[in-house]
Amino acid sequence: MSWIWFHKLGSPKWFYQWSSKWATAVFLIGLLATLIGVGWGLGFAPTDYQQGETYRIIYLHVPAAVLAESCYFSLGVAGFVYLVWQMKMAPIFIKSMAPIGAAMAAIALLSGAIWGKPTWGTWWVWDARLTSVLVLFILYMGIIALQNTLEDVTLANQAAAIVSVLGLINLPIIKYSVNWWNTLHQPASFSLTKKPTMPMDMWLPLLIAVIGFYCLVAGLAMWRMQSEILLRERRTQWVKEKVMNDGV
Amino acid sequence: MMAFDSVADFLQMGTHGGFVWSTYGLVLLILTGLILNTLQGRRKVIRQLKKRYLRESNS
């Protein structure tokens, strides 16, 4: 088993060149899949027998919520990698991904509130699921604040990595909050072990939208990481040549 | 087949059109903001570095 990929991934120059080939394509695929999934859900998926048309908010709410959690999981892994191996790319990843995750958490919270009003009769309740997702959003904001305010780069990297790892504890709480506590929130829409409770023409567009959001986030993350790489590696010859020759 | 009989039905979204459409509007706004912020950040870094390198080569 070769560990070359691990070393390559740790090299900002290698990542920059590799992601230059993929970022735009991944982003455009994400945009296309999102438009197909969300458009299908909004206009063509069948009406829900209980909620009528209001349930169509799900086609934005669930993808954003899934990504808010996935992005945080990736931050936690990157934080661990940085704390153990001091890999250069890890804090670049954390700094680039945190604002994207924060946007996803904000979308999940806001779309949930707007969905809650007509279906539950309230914008917000302090129950386990809603509160733990609010905590997720606050964790993202905390990581962004640490990266932006600490002037010592090493200290900022370490602080952000530590918070990223510690915050992982929140993820199982979000996941199981709908099973452990009484809540207004419905259980998960997708599961690896059970068949979906929705009919296929409801869950297929949702699945496409989730995949679309994954690709959108991956494309945006690559672009943001590239900017961060240029900035942090500004003293290297290859960055100087790239910037001066407009080869970026 | 569209799930709605007419454009008016589609815009009305049953009884809660305002809730559905405001969600879609809000999400469009946030995602557009995130995309623009990403692209602008890139341009800003390149502009800054260019200035910096030119200053260094002149001094």
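The values are calculated or read from the model by the stated rules, or taken from the named source; none is laboratory data. Note that the structure is a prediction, hence the values are computed from the model and not measured. Because the Cβ atoms are built from the backbone with ideal geometry, glycine has one as well, and the counts that use them run over all protein chains shown. Quick note on the areas: whole protein, heavy atoms, side chains included, nothing else; ligands and nucleic acids left out. Shrake-Rupley method; radii C 1.70, N 1.55, O 1.52, S 1.80 Å.
If you go through segment A:80-117 and pick out every residue that is part of a helix (DSSP H, G or I), over 11 Å from residue A:161 (Cα atoms) and more than 14 Å from chain B (Cβ to nearest Cβ), you end up with 2.
When you look at residue A:40, is it within 11 Å of chain B (Cβ to nearest Cβ) and over 13 Å from residue B:24 (Cα atoms), yes or no? Before the answer, list the steps.
Details: within 11 Å of chain B (Cβ to nearest Cβ): yes; over 13 Å from residue B:24 (Cα atoms): yes.
Judged against the criteria, residue A:40 is a match.
Among all positions in segment A:121-129, there is no residue which is open to solvent by 20 Å² or more (accessible area, probe 1.4 Å), under 15 Å from the mean Cα position of the chain (by Cα) and charged (D, E, K, R). Filter segment B:6-37 for residues that are facing chain A (nearest Cβ under 7 Å), assigned to a helix (DSSP H, G or I) and touching a Gly at 6+ places or on another chain (Cβ under 7 Å) and give the result. Of everything in segment B:6-37, just one residue is facing chain A (nearest Cβ under 7 Å), assigned to a helix (DSSP H, G or I) and touching a Gly at 6+ places or on another chain (Cβ under 7 Å), namely B:10. So is residue A:173 within 18 Å of the chain's Cα centre (by Cα), farther than 24 Å from residue B:30 by Cβ and open to solvent by 10 Å² or more (accessible area, probe 1.4 Å) or not? For residue A:173, the condition - within 18 Å of the chain's Cα centre (by Cα), farther than 24 Å from residue B:30 by Cβ and open to solvent by 10 Å² or more (accessible area, probe 1.4 Å) - is met.
Looking at A:243, A:165, A:178, A:217, which is the one that is without any contact (Cβ under 8 Å) to a residue 40 or more places away in the chain, open to solvent by less than 70 Å² (accessible area, probe 1.4 Å), touching a helix residue (DSSP H, G or I) at 6+ places or on another chain (Cβ under 6 Å) and assigned to a helix (DSSP H, G or I)? Talk me through it step by step, then tell me what you get.
Working: A:165 fails: without any contact (Cβ under 8 Å) to a residue 40 or more places away in the chain; A:178 fails: without any contact (Cβ under 8 Å) to a residue 40 or more places away in the chain; A:217 fails: without any contact (Cβ under 8 Å) to a residue 40 or more places away in the chain.
The match here is A:243.
Of these, A:75, A:32, which one is more than 18 Å from residue A:190 (Cβ to Cβ), of a type in the set (A, V, I, L, M, F, W, C), open to solvent by 20 Å² or more (accessible area, probe 1.4 Å) and touching a residue at least 40 places away in the same chain (Cβ under 8 Å)? It is A:32.
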